[in-house]
1. Roughly how big is the range 37-153's charge dipole about its Cα centre, with Cβ charges of +1 (Lys, Arg) and -1 (Asp, Glu), in debye to the nearest 20?
2. Which FRET efficiency value, to the nearest 0.05, is calculated for residue 47 and residue 24 with the Förster distance at 22 angstrom and r the Cβ-Cβ distance?
3. For the chain, report the accessible area per residue in Å² (1.4 Å probe, heavy atoms, rounded to an integer).
4. Rounded, prolate or oblate: pick one for the range 44-153, where a ≥ b ≥ c are the square roots of the eigenvalues of its C-alpha gyration tensor, a/c under 1.5 means rounded, and failing that, prolate if a/b is larger than b/c, else oblate.
5. Please get the size of the charge dipole for the range 81-124, origin at its Cα centre, with Cβ charges of +1 on Lys and Arg and -1 on Asp and Glu, quoted in debye to the nearest 20.
6. Could you tell me the relative contact order of the chain? Use alpha-carbon pairs under 8 Å, at least six residues apart, and round to a whole percent.
7. Can you send over the solvent-accessible area of residue 58, 1.4 Å probe, protein chains only, in Å² to the nearest 10?
8. Which of the GluC sites (Glu not before Pro) across the range 3-106 are loop residues per DSSP, with 14 or fewer other Cβ within 10 Å?
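The values are calculated or read from the model by the stated rules, or taken from the named source; none is laboratory data. No experiment lies behind these values; they were computed from the predicted model shown. Cβ placement follows ideal geometry from the backbone for every residue including glycine, while neighbour counts extend to all protein chains displayed. In case anyone asks, the SASA skips ligands and DNA or RNA and just uses the protein heavy atoms, side chains included. Shrake-Rupley method; radii C 1.70, N 1.55, O 1.52, S 1.80 Å.
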Amino acid sequence: MNWQFFEGELDLEDVRALLAQHFAEMRAGSPSSACHVLPVDGLKEPAIRFFTLREDGLLLGCGALKRLEPGHGEIKSMRTADNALGRGVGRALLDHLTAMARSEGMTRLSLETGSTEQCAAANRLYEKEGFERTGPFGNYADTAWTRFFTREI
């Protein structure tokens, strides 16, 4: 595998297309009150670091790490490109985001995701990687469409 991580890249066309697809699919599967997917501009806030994973220049996926408070971070906008599904991209992104969180002194990671079938593979990955179901954190509300996970790192 010739995979490489890059930071930033929010203004590249292929990244914007993948995030637009992610945004549209998440919005289609949940009511807006339960859908917390960030648009591209939301991923540019200073508390967020955004990463892409590429193979020979081809975008495989993306994910972001948001600093919530000292020692606590949130995984945001993790998405694998359709042509890279089933290749371990999600796990690689999660491992990278976890390593970045540790390098910033974080000791806990949390995330909010969906409860629908379209999020089932992601939920299985999080559970397999040691994330445990928890209640809402931050400003999130608990709804039938949301799931919350956390993990000490």
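1. 140 debye
2. Working: r = 25 Å, r/R0 = 1.13.
Efficiency computed from Cβ-Cβ geometry: 0.35.
3. On the way: 7700 Å² over 153 residues.
Computed with neighbouring chains in place, this is 50 Å² per residue.
4. On the way: a/c = 1.70, a/b = 1.16, b/c = 1.46.
In terms of gyration-tensor shape, oblate.
5. On the way: 5 positive and 5 negative charges, 38 e Å.
My answer is approximately 180 debye.
6. Values: 246 pairs, mean separation 30.4, N = 153.
Reported relative contact order: 20 percent.
7. 90 Å²
8. Details: sites: 7, 9, 13, 25, 55, 74, 104; in loops: 9, 104.
Those satisfying the criteria are 104.
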